[in-house]
Amino acid sequence: MLGRFLEYSIVTPDIRASLEFYAELGFSQAQVGEAWPHPYAVVTDGRICLGLHQASGTAPSMTFVKPDLLGHLSALEKLDLNFEFRRLGNDVFNELGWLDPSGHLLRLVEARTFSPAKRLGTDTSLCGYFLEIGLPAPQRALAKDFWEKLGFVGIDELDGRLPHVSCTSDSVTIGLYEPAHLHRPTLLFDAGDVDGTLARLAEAGILPAGQVPPPLRQLPAAMITAPEGTPILLLTESAA
């Protein structure tokens, strides 16, 4: 329904500072095209691509690429989506955007905005193995139903230290969490040895910043925060 996940799109007021931060974490930069009029860069650890947009706005978005977007519009309209924007035509870069039930932005674009990076998913960053994009969802059942209608498979994972619903596809996993546990969209990584990871990050000049979810505060876990404000949660997968 959505096509393939392209990037987690992040608005940054200082793209250079964000690039330097992710480079310190061990992300690689991808070659971008000229789809956007604003400064734009993409970094990846091989599993997640982060699109850094120095543009107006504050909300991140989950961006998917769907060829022949105009031809696909009628199928999306049958889902009763309330589009935040539609930019469609022969003289524009075709894109659509709408909100999920929790207010998180999804964006569909017609073509890739960067070239695939030559990096394997096993070539992890200092953060470890990317798990998912975690979203606060006040009504998890409603959000789960929404993502399933878009082709994701929803799995209740409510017995762990950090209960959530995992919505999976072949290109990205979206986690739905209690807002008391995740206050804002967060990137989750399995850091394995969290203490060792923090030591390596400290050598790179990156220190913990931000609140760890309450259920994880007695476990090895840490939060770091990118210059543009993106929370990055480091944990062991068994704690998720």
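If we keep just the residues of region 23-59 that are within 13 Å of the chain's Cα centre (by Cα) and open to solvent by 40 Å² or more (accessible area, probe 1.4 Å), which is farthest from ILE133 (Cα to Cα)?
Looking at the filtered set, the residue picked out is ALA59.
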Please list, ordered by first then second residue, the pairs with beta carbon atoms under 8 Å, 6 or more apart or interchain, first in region 57-75 and assigned to a helix (DSSP H, G or I), second of a type in the set (Val, Ile, Thr). LEU69/VAL109
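In region 77-90, which residues are free of Cβ contacts under 8 Å to residues at least 60 places away in the same chain and closer than 25 Å to ALA143 by Cβ? Spell out the reasoning first.
Here is the first cut: in region 77-90, the ones free of Cβ contacts under 8 Å to residues at least 60 places away in the same chain are 77-78, 80-90.
Within region 77-90, GLU77, LYS78, ASP80, LEU81, ASN82, PHE83, GLU84, PHE85, ARG86 meet the criteria.
Rundown of residues vs (1) part of a strand (DSSP E or B); (2) farther than 25 Å from GLU24 by Cβ; (3) touching a Pro at 6+ places or on another chain (Cβ under 7 Å), yes/no style:
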residue: LYS144; (1), (2), (3): no, yes, no
residue: GLU148; (1), (2), (3): no, yes, no
residue: ASP159; (1), (2), (3): no, yes, no
residue: ALA199; (1), (2), (3): no, no, no
residue: GLY205; (1), (2), (3): no, no, no
residue: ALA209; (1), (2), (3): no, no, no
residue: LEU233; (1), (2), (3): yes, no, no
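Let's see how each residue does on (1) open to solvent by less than 40 Å² (accessible area, probe 1.4 Å); (2) among the small types (Gly, Ala, Ser); (3) in contact with a strand residue (DSSP E or B) (Cβ under 8 Å, 6 or more places away or on another chain):
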| site | (1), (2), (3) |
| --- | --- |
| ASP159 | no, no, no |
| HIS183 | no, no, yes |
| PRO213 | yes, no, yes |
| PRO220 | no, no, yes |
| GLU237 | no, no, yes |
As an exercise: evaluate PHE114 against (1) within 15 Å of GLY51 (Cβ to Cβ); (2) open to solvent by 30 Å² or more (accessible area, probe 1.4 Å) and give the number of the one condition it does not meet. (2)
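The values are calculated or read from the model by the stated rules, or taken from the named source; none is laboratory data. Keep in mind it's a predicted model, so treat the numbers as computed, not measured. A quick note on method: Cβ atoms are made from the backbone with ideal geometry, for glycine too, and the neighbour counts reach across all protein chains shown. SASA here: full protein model, heavy atoms, side chains in, ligands and nucleic acids out. Shrake-Rupley method; radii C 1.70, N 1.55, O 1.52, S 1.80 Å.
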